[in-house]
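S.K.: For reference, the structure I am asking about is given below.
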Amino acid sequence: MYHVLSCDQFSRADLEGIFRLTDNIRAQPRAFRTALAGKIVATVFYEPSTRTRLSFEAAVLRLGGTVISTENAKEMSSAIKGESLPDTIRVIGGYCDAIVLRHPDIRSAEDAARVSQVPVLNAGSGSGEHPTQAVLDVYTIYQYKQKIDGLKVAVLGDLLFGRTVHSLVKLLALYEDITIYGLSHDVLSLPEDYSAYLEARGIRYIPCRSLPEIPPEVDVLYHTRTQTERFANTDLPIEEFVIDKKALDYFSPHTILMHPLPRRNEIAPDVDGDRRAVFFAQSHYGMYVRMSLLHSILKQDSEG
Amino acid sequence: MYHVLSCDQFSRADLEGIFRLTDNIRAQPRAFRTALAGKIVATVFYEPSTRTRLSFEAAVLRLGGTVISTENAKEMSSAIKGESLPDTIRVIGGYCDAIVLRHPDIRSAEDAARVSQVPVLNAGSGSGEHPTQAVLDVYTIYQYKQKIDGLKVAVLGDLLFGRTVHSLVKLLALYEDITIYGLSHDVLSLPEDYSAYLEARGIRYIPCRSLPEIPPEVDVLYHTRTQTERFANTDLPIEEFVIDKKALDYFSPHTILMHPLPRRNEIAPDVDGDRRAVFFAQSHYGMYVRMSLLHSILKQDSEG
Amino acid sequence: MYHVLSCDQFSRADLEGIFRLTDNIRAQPRAFRTALAGKIVATVFYEPSTRTRLSFEAAVLRLGGTVISTENAKEMSSAIKGESLPDTIRVIGGYCDAIVLRHPDIRSAEDAARVSQVPVLNAGSGSGEHPTQAVLDVYTIYQYKQKIDGLKVAVLGDLLFGRTVHSLVKLLALYEDITIYGLSHDVLSLPEDYSAYLEARGIRYIPCRSLPEIPPEVDVLYHTRTQTERFANTDLPIEEFVIDKKALDYFSPHTILMHPLPRRNEIAPDVDGDRRAVFFAQSHYGMYVRMSLLHSILKQDSEG
């Protein structure tokens with residue numbers, strides 16, 4: 001692993017290696033406190049994503065590295081100055097040992113990696129990929145279920161535009177005997193290329209239109225925010241599938257409720273105290289998964 | 001001490017402990033250079049307050065800690081994403097060891113502390129509290145006067161909206177034999193609940209309308225900026241009480257002139273070279289007081 | 001050297017000292033990894049200049065120092081708060097060991113240095129100076145040519161408003177037997193005070209209006225972006241002097257092509273792979289030159 005650009009780059013063995021290292025880091029964080037000593041990681045964000053940026057930066061710092069950072073990267077390519085993304089990457093790559101990039105264009109991470117003299121980690125490329133989110137999602141499932149093979153996973157909400165859902169189902173397709181339930185309004189269904197992708201890999205995909213179509217013993221409920229900003233107001237489904245305490249109690253005591261956050265009202269606060277609500281833990285695992293990825297990459301780099 | 005939320009939480013003994021530690025840190029800063037090694041402090045600012053943020057961040061770094069930072073925290077709760085402050089705190093609390101929070105809502109610090117898994121330090125909650133500013137103000141007086149009991153303190157300017165004045169008089173009320181002179185225009189007088197608070201604690205409070213009503217031997221002049229942004233333009237008093245060299249020379253050579261900064265024209269530049277003008281030293285003590293608070297909290301935390 | 005404010009402060013011997021230290025740092029970076037341990041450098045930017053800021057911050061971190069940073073410094077002096085630059089500098093100077101300042105006013109760096117209790121490094125003062133850029137430009141020439149005396153240097157593009165050109169020719173004037181070719185449209189010619197400055201120091205300055213007026217064996221082509229933001233649209237020369245592969249091949253294999261970046265279309269991407277195109281290396285030398293300057297200043301400071 002040199003760059004982290006896309007979910008598509010990970011094999012099942014890759015994920016297992018990342019998960020093992022993540023477990024090690026969580027078990028003995030002090031052993032990793034100087035792993036990136038002397039390394040500088042640049043967080044280059046063309047659009048603010050404070051949560052993701054802080055998670056990456058904390059990961060670097062917990063490994064003993066240091067950070068240079070901007071949320072104003074678009075200023076470098078502003079109308080007046082007119083710099084291309086590849087030029088920016090080539091310049092900043094001379095200051096640091098890795099670049100964490102957030103950019104609105106779907107091909108930005110690949111474009112950056114092509115010219116970069118240091119590893120590039122994709123922290124969100126427009127409506128495209130957000131691979132570290134996908135890895136942390138699967139890691140969270142693995143933490144609570146101790147396996148991925150054979151699981152039943154329900155994805156809820158915005159299956160059409162939900163980037164995290166698309167990445168999650170792709171990674172799940174690396175495993176055996178997976179069943180995926182997709183609960184959404186009709187206009188927010190999973191795109192056909194994804195359902196075809198799953199079918200081609202022997203994953204059962206079952207579209208649903210109401211909560212009771214999901215079996216109560218499902219292992220994972222993965223809810224998402226409707227990307228209302230992508231709709232003209234009039235197109236928007238009026239009601240969301242709200243998971244509140246009552247809805248959650250329809251499910252097994254062993255079902256876990258995940259969400260990439262931020263949530264709005266699709267998950268009610270009355271479930272926050274429920275042991276099955278693991279979305280805050282999920283966000284915290286994100287830092288450790290990013291530590292694991294950074295460690296793998298910059299270790300490799302220093303040996304290479 | 002776990003959180004720092006409000007002036008109301010400090011006893012006289014607390015302040016004396018903080019002041020003693022601040023003196024120690026200033027006397028031998030090298031002894032504290034690794035006190036927060038391995039700790040990450042997040043500065044989470046929903047409105048920019050560069051001065052306060054940099055002061056806190058320098059405090060963390062001088063203790064050997066590291067910082068993750070945002071001045072765009074409001075983006076996390078923006079209209080589209082719609083995340084609540086408690087959710088944001090729960091997420092960020094998983095990345096760091098303490099949160100320094102600046103937020104426009106008066107109850108924000110308490111709301112954050114209620115859900116946070118790490119200590120919260122209030123760096124300004126709207127028109128409400130800014131407790132570390134109040135502690136550094138009293139520490140500054142203590143530095144120059146070697147005591148607080150028995151002092152005569154004049155507060156000037158905007159006593160109605162001036163958050164720092166409100167907090168200062170509350171902390172002074174912890175001491176014995178204090179006299180407070182309050183010089184302001186009529187429309188900017190100290191609110192009645194504060195004067196009642198002082199009276200209930202045996203503090204003499206003497207409202208004034210002109211400079212000569214303050215005795216020349218007053219120990220402290222604490223001037224403040226009129227919060228013009230809170231007025232309709234037409235309501236604004238036309239003249240400020242300007243302290244220039246001539247005005248300052250009315251007072252004793254032992255009077256000190258303080259200001260929480262930024263100043264505008266209420267303190268003229270011609271006093272800057274005067275030994276009694278201590279407002280820049282006051283701002284610098286702020287960093288050391290914050291080091292003291294951070295040290296107390298994160299030390300306690302690591303032992304707890 | 002205490003402050004870095006202007007190109008005018010450097011003698012030839014100063015530059016040679018800086019270049020020698022820069023060479024040392026590049027040769028054995030590990031030997032400098034703790035040089036600034038315990039030092040805090042504040043990057044105080046009144047206008048965003050992400051590239052320059054990140055370069056300075058990486059320089060501090062590579063020397064083992066730490067950084068406090070703002071791109072919102074103008075907020076500290078905003079209309080409502082109304083703080084003067086000197087006040088801001090006096091406050092922030094109490095938190096850190098050096099200030100890197102970017103400010104739109106031409107006299108800002110001198111104004112800051114006059115009141116600062118710590119060294120000030122000018123990272124760009126409006127249309128005035130950007131001295132560390134000038135030093136890195138000359139260092140880059142020195143790297144590729146192993147000398148400056150006797151060189152033929154062509155400056156291209158916006159010689160009227162191009163701050164980096166003005167600083168570069170001033171530093172070149174410290175050396176012997178220099179010839180400078182100035183290629184620009186008539187309305188963008190080098191200002192007369194600069195050509196008079198060069199003449200007074202025995203530097204040959206030869207204005208050109210087309211590329212073939214520059215001899216092919218010129219040692220350096222230093223191209224610049226036209227500062228279109230300074231023109232009313234109608235004033236703007238229609239065509240730029242574009243250096244593409246064909247234009248570059250008119251020159252000697254030993255000519256180097258520099259640019260302070262960002263570029264737009266004045267240098268075509270088809271030269272990027274050419275060995276003579278050194279503008280990305282030039283930007284990377286910037287970090288090392290800034291390490292050298294910071295090291296000189298803060299070392300001196302700790303001994304002083």
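S.K.: Scan the range A:167-181 and tell me whether some residue there is part of a loop (DSSP other than H, G, I, E, B), at pLDDT below 95 and assigned by TED's automatic domain parsing to the domain that holds residue A:204.
M.R.: So the first thing to find is which residues in the range A:167-181 are part of a loop (DSSP other than H, G, I, E, B), and the list is A:173-178.
Still in the running and at pLDDT below 95: none.
Within the range A:167-181 (the criterion being part of a loop (DSSP other than H, G, I, E, B), at pLDDT below 95 and assigned by TED's automatic domain parsing to the domain that holds residue A:204), the answer is no, since none of the residues qualifies.
S.K.: Same structure, new question: Would you point out the residue of the range C:212-229, among those that are surrounded by 12 or more Cβ atoms within 10 Å (Cβ to Cβ) and more than 25 Å from residue C:175 (Cα to Cα), that is modelled with the lowest pLDDT?
M.R.: So the residue we want is C:228.
S.K.: Select from the range C:47-68 the residues that are under 20 Å from residue B:48 (Cα atoms) and touching a Leu at 6+ places or on another chain (Cβ under 8 Å) and write down the one among them that is nearest to the other protein chains (Cβ to nearest Cβ).
M.R.: Checked the range C:47-68; the qualifying residue nearest to the other protein chains (Cβ to nearest Cβ) is C:68.
S.K.: Give the residue that is modelled with the lowest pLDDT, with candidates limited to residues of the range B:26-55 that are part of a helix (DSSP H, G or I) and in contact with a Ser or Thr (Cβ under 6 Å, 6 or more places away or on another chain).
M.R.: The qualifying residue modelled with the lowest pLDDT is B:50.
S.K.: Okay, moving on. For residue A:122, indicate whether it is under 23 Å from the mean Cα position of the chain (by Cα), outside the structural domain of residue A:146 (by TED's automatic domain parsing) and surrounded by fewer than 20 Cβ atoms within 10 Å (Cβ to Cβ).
M.R.: Working: under 23 Å from the mean Cα position of the chain (by Cα): yes; outside the structural domain of residue A:146 (by TED's automatic domain parsing): yes; surrounded by fewer than 20 Cβ atoms within 10 Å (Cβ to Cβ): no.
Considered against the rule, which asks whether it is under 23 Å from the mean Cα position of the chain (by Cα), outside the structural domain of residue A:146 (by TED's automatic domain parsing) and surrounded by fewer than 20 Cβ atoms within 10 Å (Cβ to Cβ), residue A:122 comes out as no.
S.K.: A further question on this structure: Need the failing condition index for residue A:118 against (1) more than 26 Å from residue A:75 (Cα to Cα); (2) touching a residue at least 60 places away in the same chain (Cβ under 8 Å), just the number.
M.R.: Status for residue A:118: all satisfied but (1).
S.K.: Scan the range B:79-116 residue by residue and report those that are assigned to a loop (DSSP other than H, G, I, E, B), facing chain A (nearest Cβ under 9 Å) and not small (Gly, Ala, Ser).
M.R.: If the condition is that a residue be assigned to a loop (DSSP other than H, G, I, E, B), facing chain A (nearest Cβ under 9 Å) and not small (Gly, Ala, Ser), then B:80, B:81, B:83, B:95, B:96 are the ones that fit.
S.K.: State which residue pairs qualify: first residue modelled with pLDDT of 75 or more and inside the range C:76-100, second residue part of a helix (DSSP H, G or I) and among the hydroxyl-bearing types (Ser, Thr, Tyr) in any location, beta carbons under 7 Å apart, and separation of 6 or more residues or different chains.
M.R.: Filtered contacts from the range C:76-100: C:76/B:50; C:76/C:88; C:85/C:108; C:91/B:283; C:94/B:283; C:95/B:55.
Each row is one residue, and each column tells you yes or no for (1) hydroxyl-bearing (Ser, Thr, Tyr); (2) at pLDDT below 90; (3) in contact with a Lys or Arg (Cβ under 9 Å, 6 or more places away or on another chain); (4) closer than 24 Å to residue C:151 by Cβ.
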{"residue": "C:231", "(1), (2), (3), (4)": "no, yes, no, no"}
{"residue": "C:238", "(1), (2), (3), (4)": "no, yes, no, no"}
{"residue": "C:247", "(1), (2), (3), (4)": "no, no, no, yes"}
{"residue": "C:255", "(1), (2), (3), (4)": "yes, no, yes, yes"}
{"residue": "C:260", "(1), (2), (3), (4)": "no, no, yes, yes"}
{"residue": "C:263", "(1), (2), (3), (4)": "no, no, yes, yes"}
{"residue": "C:267", "(1), (2), (3), (4)": "no, no, no, yes"}
{"residue": "C:270", "(1), (2), (3), (4)": "no, no, yes, no"}
{"residue": "C:279", "(1), (2), (3), (4)": "no, no, yes, yes"}
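S.K.: Also: Does the range B:85-93 include one or more residues that are more than 18 Å from residue B:283 (Cα to Cα), touching a Lys or Arg at 6+ places or on another chain (Cβ under 8 Å) and among the hydrophobic types (A, V, I, L, M, F, W, C)?
M.R.: Yes, the range B:85-93 contains at least one residue that is more than 18 Å from residue B:283 (Cα to Cα), touching a Lys or Arg at 6+ places or on another chain (Cβ under 8 Å) and among the hydrophobic types (A, V, I, L, M, F, W, C).
S.K.: While we're on this one: Filtering the range C:259-289 down to residues that are away from chain A (no Cβ under 11 Å) and part of a helix (DSSP H, G or I), which residue is farthest from the chain's Cα centre (by Cα)?
M.R.: Among those that are away from chain A (no Cβ under 11 Å) and part of a helix (DSSP H, G or I), it is C:270.
S.K.: Still on this structure, I have one more. Residues in the range B:268-283 that are more than 19 Å from residue B:252 (Cα to Cα) and buried (at least 21 other Cβ atoms within 10 Å of the Cβ): how many?
M.R.: Result for the range B:268-283: 2.
S.K.: Continuing with the same structure: Name every residue in the range A:185-209 that is part of a strand (DSSP E or B) and either basic (Lys, Arg) or in contact with a Ser or Thr (Cβ under 6 Å, 6 or more places away or on another chain) (or both), in order of residue number.
M.R.: A:204, A:205 - these are the residues of the range A:185-209 that are part of a strand (DSSP E or B) and either basic (Lys, Arg) or in contact with a Ser or Thr (Cβ under 6 Å, 6 or more places away or on another chain) (or both).
S.K.: While we're on this one: Those residues that are in a loop (DSSP other than H, G, I, E, B) and either among the polar types (S, T, N, Q) or in contact with an Asp or Glu (Cβ under 9 Å, 6 or more places away or on another chain) (or both), I need them from the range A:135-157; list them, please. First the steps, then the outcome.
M.R.: Going through the range A:135-157, the residues in a loop (DSSP other than H, G, I, E, B) turn out to be A:146-151, A:157.
The answer is A:146, A:148, A:149, A:150, A:151, A:157.
S.K.: Got a number for residues in the range C:41-58 being out of contact with any Gly (no Cβ under 7 Å at 6 or more places or on another chain) and either surrounded by fewer than 21 Cβ atoms within 10 Å (Cβ to Cβ) or among the small types (Gly, Ala, Ser) (or both)?
M.R.: So the answer is 4.
S.K.: With respect to residue B:115, is the statement that it is buried (at least 23 other Cβ atoms within 10 Å of the Cβ) and of a type in the set (A, V, I, L, M) true?
M.R.: Working: buried (at least 23 other Cβ atoms within 10 Å of the Cβ): no; of a type in the set (A, V, I, L, M): yes.
Criteria not met by residue B:115.
S.K.: Right, something else. May I ask you to verify whether residue A:201 is within 21 Å of the chain's Cα centre (by Cα), at pLDDT 95 or above and either surrounded by 15 or more Cβ atoms within 10 Å (Cβ to Cβ) or closer than 24 Å to residue A:151 by Cβ (or both)?
M.R.: no
S.K.: May I ask you to list the residues in the range C:178-195 that are exposed (fewer than 12 other Cβ atoms within 10 Å of the Cβ) and over 13 Å from residue C:166 (Cβ atoms)?
M.R.: C:186, C:187
S.K.: Find the residue count for the range A:4-25, including only residues that are touching a helix residue (DSSP H, G or I) at 6+ places or on another chain (Cβ under 6 Å) and either assigned to a helix (DSSP H, G or I) or among the basic types (Lys, Arg) (or both).
M.R.: Total satisfying the criteria: 6.
Conditions (1) without any contact (Cβ under 8 Å) to a residue 40 or more places away in the chain; (2) more than 19 Å from residue C:217 (Cβ to Cβ); (3) in the same structural domain as residue C:263 (by TED's automatic domain parsing), marked per residue:
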| residue | (1), (2), (3) |
| --- | --- |
| C:137 | no, yes, yes |
| C:148 | yes, no, yes |
| C:151 | no, no, yes |
| C:157 | no, yes, yes |
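The values are calculated or read from the model by the stated rules, or taken from the named source; none is laboratory data. It should be emphasised that the depicted structure is a prediction, and the values quoted were computed from it without experimental measurement. Positions of Cβ are backbone-derived with ideal geometry, glycine not excepted, and every protein chain shown enters the neighbour counts.
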